[in-house]
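Q: Just passing along the structure, written as structure tokens.
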Amino acid sequence: MEFLKTLAIKSHNFGASTGVNWLNTDNNGQFDISSPADGKAIASVYQCSVEDYDHIITTAEQAFVHWRKIPAPERGEVVRQIGNRLRDFKQPLGELVAYEMGKSLQEGLGEVQEMIDICDFAVGLSRQLDGSTLHSERPLHRMYDQYHPLGVVGVISAFNFPVAVWAWNAMISAICGNVTVWKPSEKTPLTAIACQNIIKDVLVTNELPEGIFSLVIGAGNVVGEGMLHDKRIPLMSVTGSTRVGRHAGQVVASRFGKSILELGGNNAIILTPNADLKLAIPGTVFGSVGTCGQRCTSTRRVIIHESIYQQVKDVLVQAYQGLKIGTPLDESNHVGPLIDTQAVTMFKDALEKVQAEGGNLLCGGDVLSGEGFESGCYVKPAIVEAENHFDMVQHETFAPILYLIKYTGDIHDAIAVQNDVVQGLSSAVFTDSLREAENFLSHWGSDCGIANVNIGTSGAEIGGAFGGEKETGGGRESGSDAWKAYMRRQTNTINYSTELPLAQGIKFDI
């Protein structure tokens, strides 16, 4: 395919890069990557060795010594150039994202646009890394806060956003003065290789050292585990399941490292009697079937007031029956494949279990076969009538299953149902009532890190801090003041008097 050639993806690719050079290990096993779109082999990737990994980290440490001394606006200029390079390669990189991961081409292009947007955001931020000036209780003293870079930042990304999550972390981290080592999902390493190829020219043109943006591709229980235990990496950003995040958080904390954890979501949309269904239905459908339900912000539950329940159920079922399912490279299709056949098995198992608990399957649930579906990864998105306390409803299934849940009473009853799960990522309410909206957004309202009114749970903008509460991890990435997580905070006090007064009025005369 032409986009593979444009992005310098070969039939066999090395799995470790300093951002400028590839290490040439080819005897440590390999990942053979096939597309969930058609089941065809795309390319293979050699796994990096332990020696490769150590070389990458050592090189990154050396690069940090140089990079941190470059003024932040100059670091921002490098990021600006990276953003422009991504603009040049938006179409082929978006096509590769769609083909390797399986999301629609529009979503693939949108993911690359996220990378471009975060570069633009980081460029502006590079001139706004501020601190606070504080009033000292001691005369002729000045106090202030400042933020310093941490060093090597490790990023472990998931398959569902194979490039954007890296950019969220790497570009913000870079303008803060850090260097980044990236371990992508072994299910989608080709997009990561393409990104290294794209940014190489920027690093070379600016005569920057190797190691500012590095890549290590290998098994999670080897490379990923090594990063978690590595004291040379003061901050780990991990995107994945709650199970993975719980382990990562414990390991990193045990060595007093810092973590940004972006974990599972069990996201709900509340539809009150005052909902505008012309907005709510499209928002619900995109949220539940976009990326074939494989977003951490995908809509899993719809909590519907009893007065509009039957109407909403009928309209959603009708909308699902009109979904076009097929290759993600055809922009007329709404839904592409799941990432692999293992995900299909999880989809089927979840539907069996929720029906055994009393759930009522309204539509979908089939695994598609035949022409155009040879990969075995295509399914019909499912809608299930359920109750919030069902075990399967309480868990996140990374697949297109939407649970319809009826509520009675007022907005507070709906919020109680929404919050009654262990995850706390994204949430939404559709209502034209100011009182309902404000209660939803209040501190007795949604307990999620993201709370929206009259838009769905999926599709966050990069300008806001992204992340969630409870078992979603509590971390924040991307916009707002999320940059502070990539830095160490320091309080400074300067005495410009000729005396040495002590705080709290303590007297110490010698």
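Q: Taking the full set of protein chains and a 1.4 angstrom probe, give the accessible area of residue 369 in square angstrom, rounded to the nearest 10.
A: Spelled out: residue 369, probe radius 1.4 Å, area about 100 Å².
Q: Sorted by accessible area (1.4 Å probe), largest first, how do 67, 168, 444 line up?
A: Heavy-atom accessible area, descending, gives 444, 168, 67.
Q: Let me spell out the model: positive unit charges on the Cβ of Lys and Arg, negative unit charges on the Cβ of Asp and Glu, origin at the Cα centre of region 286-401. What dipole size does that give, in debye rounded to 20?
A: Numbers: 8 positive and 15 negative charges, 43 e Å.
Magnitude of the dipole: close to 200 debye.
Q: Moving to a separate point now. Could you pull out the longest piece of the chain with no exposed loop GluC sites (Glu not before Pro) in it, calling a site exposed if DSSP puts it outside H, G, I, E, B and it has at most 15 other Cβ atoms within 10 Å?
A: Longest run free of exposed loop sites: 1-136.
Q: Right, another one. Apply the Karplus parameterisation 6.51 cos²θ - 1.76 cosθ + 1.60, with θ equal to phi minus 60°, to every residue of region 501-510 and state each ³J(HN,Hα) to the nearest whole Hz, in sequence, with x for glycine and proline.
A: Karplus values, whole Hz, x for Gly and Pro: x, 9, 5, 6, x, 5, 9, 9, 9, 10.
Q: What part of the accessible area of region 409-510, given as a whole %, is carbon or sulfur when the probe is 1.4 angstrom?
A: Of the solvent-accessible surface of region 409-510, carbon and sulfur hold 51 percent.
Q: Taking all protein chains together and a probe of 1.4 Å, list 260, 510 from the most accessible to the least accessible. Don't jump to the answer; show the numbers that get you there.
A: Details: 260 5, 510 190 Å².
I get 510, 260, largest accessible area first.
Q: List the residues, sorted by chain then number, that are 5 or more residues from residue 34 or on another chain and whose placed amide H is less than 5 Å from its amide H.
A: 42
Q: Using 0.36 nm times the number of residues separating residue 247 and residue 128, minus their current alpha carbon distance, what extension gain do you get?
A: So the extension gain works out to 39.4 nm.
Q: When ligands, DNA and RNA are left out and all protein chains stay put, how many square angstrom of accessible area per residue does region 404-464 have with a 1.4 Å probe? Please report the intermediate quantities before stating the final value.
A: Values: 2700 Å² over 61 residues.
Accessible surface, normalised per residue, equals 44 Å².
Q: Can you give the charge dipole size of the chain about its Cα centre, rounded to the nearest 20 debye, using +1 on the beta carbon of Lys and Arg and -1 on the beta carbon of Asp and Glu? Can you show the working numbers first?
A: Numbers: 40 positive and 58 negative charges, 225 e Å.
Roughly 1080 debye, rounded to the nearest 20.
Q: Within a Cβ distance under 13 Å of residue 502, other residues only, what is the Lys/Arg minus Asp/Glu net charge?
A: Value of the local net charge: -1.
Q: Net charge within 14 Å of residue 348 by Cβ-Cβ distance, Lys/Arg positive one each and Asp/Glu negative one each, not counting residue 348 itself?
A: -2
Q: Let me ask you something else. For region 344-391, report the accessible area per residue in Å² (1.4 Å probe, heavy atoms, rounded to an integer).
A: 49 Å²
Q: Along each of the three principal axes of the Cα atoms of the chain, give the extent in whole Å, ordering the values from largest to smallest.
A: 81, 60, 37
Q: With unit charges on the beta carbon (Lys/Arg positive, Asp/Glu negative), name the residue among 15, 211, 264 whose Cα is farthest towards the positive pole of the charge dipole of the chain.
A: 211
Q: Now for a separate question. Tell me, what is the per residue accessible area of region 188-317 in Å², probe radius 1.4 Å?
A: Here the per-residue accessible area is 33 Å².
Q: For region 1-135, which whole-number percentage of the solvent-accessible area (1.4 Å probe, protein heavy atoms only) is attributable to carbon and sulfur atoms?
A: Heavy-atom surface of region 1-135 belonging to carbon and sulfur, 1.4 Å probe: 47 percent.
Q: Here's something else I'd like to know. 5 Å is the cut-off here: which amide hydrogens, built 1.01 Å from N in the peptide plane, fall below it relative to residue 237, excluding neighbours closer than 5 in sequence?
A: For residue 237, the qualifying residues are 154, 155, 156, 260.
Q: On to the next question. Summarise the accessible area of region 246-363 (1.4 Å probe, protein heavy atoms) by the percent that is carbon and sulfur.
A: 51 percent
Q: When the Debye formula is applied to the Cα atoms of region 285-347, each taken as the same point scatterer, what base-10 log of I(q)/I(0) results at q = 0.18, 0.28 Å⁻¹?
A: Log-scaled intensity ratios, in q order: -0.77, -1.24.
Q: What whole-number value in cubic angstrom gives the convex hull volume per residue for the C-alpha atoms of region 256-366?
A: Here the figure is 176 Å³ per residue.
Q: Moving on. Name the shape class, rounded, prolate or oblate, that the alpha-carbon gyration tensor gives for region 1-126, where a ≥ b ≥ c are the square roots of its eigenvalues, rounded holds for a/c under 1.5, and otherwise prolate holds if a/b is larger than b/c and oblate otherwise.
A: Cα axes put region 1-126 in the oblate bin.
Q: Please quote Rg/Rh for region 381-425 to two decimal places, taking the Kirkwood radius as Rh and restricting both calculations to Cα atoms.
A: Ratio of gyration radius to Kirkwood radius: 0.96.
Q: State, as an integer percentage, the relative contact order of the chain based on alpha-carbon contacts under 8 Å between residues 6 or more apart.
A: Computed over the chain, the figure is 18 percent.
Q: Follow-up. What are the residues whose amide H is under 5 Å from the amide H of residue 407, where those residues sit 5 or more places off or on another chain and H is modelled from the backbone?
A: Amide H to amide H, under 5 Å and 5 or more residues apart or across chains, residue 407 pairs with 304, 305, 306.
Q: How compact and how long is region 170-230, expressed as Rg and Dmax of its alpha-carbon atoms in Å?
A: According to the Cα coordinates of region 170-230, Rg and Dmax are 12.6, 36 Å.
Q: In sequence order, what are the phi-derived ³J(HN,Hα) couplings for region 25-39 according to the Karplus relation 6.51 cos²θ - 1.76 cosθ + 1.60 with θ = phi - 60°, rounded to whole Hz, with x for glycine and proline?
A: 5, 9, 10, 10, x, 8, 9, 9, 9, 10, 7, x, 5, 9, x
Q: Work out from phi, with θ = phi - 60° and the Karplus expression 6.51 cos²θ - 1.76 cosθ + 1.60, the ³J(HN,Hα) of each residue of region 47-52, listed in order in whole Hz, and give x for Gly and Pro.
A: 6, 6, 8, 4, 5, 4
Q: Which residue, 372, 163, 66, has the largest displacement toward the positive end of the dipole of the chain when charges sit on each Cβ (Lys, Arg +1; Asp, Glu -1)?
A: About the Cα centre, the residue reaching furthest to the positive side is 66.
Q: Now for a separate question. Could you pull the accessible area for residue 115 with a 1.4 Å probe, rounded to 10 Å²?
A: 0 Å²
Q: State the extension gain, in nm to one decimal, for the chain segment bounded by residue 219 and residue 77, taking 0.36 nm per residue of separation less the distance between their alpha-carbons.
A: Gain on stretching residue 219 to residue 77: 47.7 nm.
Q: Per DSSP H run of at least 4 residues, take -39500 (n - 2.57); add these up for the chain, divide by its residues and hand me the 222 nm value, nearest 500 deg cm²/dmol. Write out the running numbers ahead of the final one.
A: On the way: 15 runs with 183 residues, N = 510.
Computed ellipticity for the chain at 222 nm equals -11000 deg cm²/dmol.
The values are calculated or read from the model by the stated rules, or taken from the named source; none is laboratory data. Note that the coordinates shown come from a computational prediction; the quantities given were computed from them, not determined experimentally. Note that each Cβ is placed from the backbone with ideal geometry, even for glycine, and that neighbours are counted across all protein chains shown. Protein only, heavy atoms only, side chains kept; ligands, DNA and RNA dropped before computing areas. Shrake-Rupley method; radii C 1.70, N 1.55, O 1.52, S 1.80 Å.
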